[in-house]
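The values are calculated or read from the model by the stated rules, or taken from the named source; none is laboratory data. Quantities reported herein were computed from a predicted structural model and do not represent experimental measurements. All Cβ positions, even for glycine, are placed from backbone atoms using ideal geometry, and neighbour counts span all protein chains on display.
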Amino acid sequence: MITPQHKIGSGFGARSTADDVLRGIDLSGKLAIVTGGYSGLGLETTRALAGAGAHVVVPARRRATAHEAVNGIDNVEVDELDLADLVSVRGFAERFLASGRSVDVVINNAAIMACPETRVGPGWEAQFAINHLGHYALVNRLWPAISRGRARVVAVSSAAHHRAGIQWDDVQFEHGYDKVQAYAQAKTANALFAVHLDALGRDAGVRAFSLHPGKILTPLQRHLSDEEMVAAGWIDADGNLVDPTFKTPEQGAATQVWAATSPQLADRGGVYCEDCDIAEPAAGDDAPAGVRDYASDPEQAARLWTLSAELTGIDAFAATA
C-alpha cells in the first residue's frame, strides 16, 4: 500500500508534545532503538518512550556521556555506536542480534549539522556519511530483528531538505564544499531512505517514515556561530530566542514519537511528516512547509538506495530486490 502524501487530521499539531501523542498508548513489552537518544530531541524521545513502557536501546558514540544523560530513566540501556565508522555499526548490530531480541521501533535521530568540511571512512563527506549512510548500514545490519518485530523505522529529516536535493554528480562534495547544502542533501537522503525502505519492507510488515521535527535550539547547532543564528533571525545579540516558531524539545520530539507509535499510521508508510501529521506536498519552490517532490520521488529513492549499497557494501534486500 502506498500512502498518499496528505494530512490525515491527526488531531495533534505544532505545539503537541511527545507525551501528548503517547497519551493512552502502552508500549510495555516493546523495544525501541533511538540513535543519539541521549542529547537534544533524542533524549526527550528516549524519556517519552521509556515513560510509556518501552525498553529503549541508546547507541552512543560518547558512551559515558550517554550513561550520565539517561541516568534516572528506567528501561534504558546504552551501547556503543559510531555512525561514521561502519565497523562500529557492524559491531553494534552483531551484539544486538546475538541477544535474540526483536525490534519494534527504530528512530534514526542522531545527526550533525553544518559542520566544517570533514571526511570520514574512505573520504566520505561527514554529514552524508553520518546522517544517512551510517543509518542506512545500521538498519540493513539489524534487518533480521527489524523484520521479526514488524517494526516502524523513522528517519529524522528536516525542512532543510528544501535547500537541496541529492547532488548526484558530486554527492561527497569533492568539488567545492558548502556546509548548508551538504546538510540539506543529507536531510533529503533521510527522506528518500524512508520512501524506499517502506517499499522494500512493507510485505514483511515493516513501515518507514521521515519527518521534520520543527525548529528547536539543541546541541545540533553546535557548529553554528551566534552571528549566524542572529543573521537567521533565531536569536538576538544576547542569545535570547526571538523566533516564535521555534519549539521546545518536548514539542520537537513529538512528531518522531508520533510517527513511531501512532495507531493512526497503521497500514501507512513511506511518507514525510511534520507537526504530528503527514505533510502535504510543498506548494512551490519557496514553500516553507511540506515535502519537496525530489525528497519523495520513488525513483530517486531507489537510486539512492543503490548508491548507498555500493558505498557501504551492505544491502539486506540484495537477494530479493
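If you take the residues of the stretch 66-77 that are part of a loop (DSSP other than H, G, I, E, B) and not acidic (Asp, Glu), which of them is surrounded by the most Cβ atoms within 10 Å (Cβ to Cβ)?
Checking each candidate, the answer is 75.
Within the stretch 246-296, the set of residues being hydrophobic (A, V, I, L, M, F, W, C), buried (at least 20 other Cβ atoms within 10 Å of the Cβ) and over 15 Å from residue 8 (Cβ atoms) comprises 253, 254, 257, 260, 282, 295. Here residue 311 fulfils each of the conditions (1) in a loop (DSSP other than H, G, I, E, B); (2) modelled with pLDDT of 95 or more; (3) within 26 Å of residue 163 (Cα to Cα) apart from (1).
Just so you know, in the stretch 1-45 the residues that are closer than 18 Å to residue 289 by Cα and of a type outside the set (Gly, Ala, Ser) include one that is surrounded by the fewest Cβ atoms within 10 Å (Cβ to Cβ), and it is 4. Here the condition is being over 28 Å from residue 264 (Cα atoms), at pLDDT 95 or above, touching a Phe, Trp or Tyr at 6+ places or on another chain (Cβ under 8 Å) and exposed (fewer than 15 other Cβ atoms within 10 Å of the Cβ); of 94, 80, it holds for 80 alone. Just give me the residues in the stretch 97-130 being of a type outside the set (D, E, K, R) and touching a Phe, Trp or Tyr at 6+ places or on another chain (Cβ under 6 Å), in sequence order. Of everything in the stretch 97-130, those that are of a type outside the set (D, E, K, R) and touching a Phe, Trp or Tyr at 6+ places or on another chain (Cβ under 6 Å) turn out to be 113, 114, 127.
Taking residue 46 as the residue in question, decide whether it is within 20 Å of the chain's Cα centre (by Cα), free of Cβ contacts under 8 Å to residues at least 60 places away in the same chain and assigned to a helix (DSSP H, G or I). Yes, satisfied.
Yes or no, residue by residue, for (1) over 23 Å from residue 145 (Cβ atoms); (2) of a type in the set (A, V, I, L, M, F, W, C); (3) out of contact with any Asp or Glu (no Cβ under 6 Å at 6 or more places or on another chain):
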position: 8; (1), (2), (3): yes, yes, yes
position: 13; (1), (2), (3): yes, no, no
position: 29; (1), (2), (3): no, no, yes
position: 49; (1), (2), (3): no, yes, yes
position: 55; (1), (2), (3): no, no, yes
position: 76; (1), (2), (3): no, yes, yes
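Here is the figure for the stretch 243-276: residues that are closer than 23 Å to residue 149 by Cβ and more than 15 Å from the chain's Cα centre (by Cα) total 7.
I'd like the full set of residues that are surrounded by fewer than 24 Cβ atoms within 10 Å (Cβ to Cβ), of a type outside the set (Asp, Glu) and in contact with a helix residue (DSSP H, G or I) (Cβ under 9 Å, 6 or more places away or on another chain), limited to the stretch 111-125. 112, 113, 114, 115, 116, 118, 119, 120, 121, 122, 124 - these are the residues of the stretch 111-125 that are surrounded by fewer than 24 Cβ atoms within 10 Å (Cβ to Cβ), of a type outside the set (Asp, Glu) and in contact with a helix residue (DSSP H, G or I) (Cβ under 9 Å, 6 or more places away or on another chain).
A single member of 204, 189, 199 is of a type in the set (A, V, I, L, M) and closer than 19 Å to residue 35 by Cβ, and it is 189.
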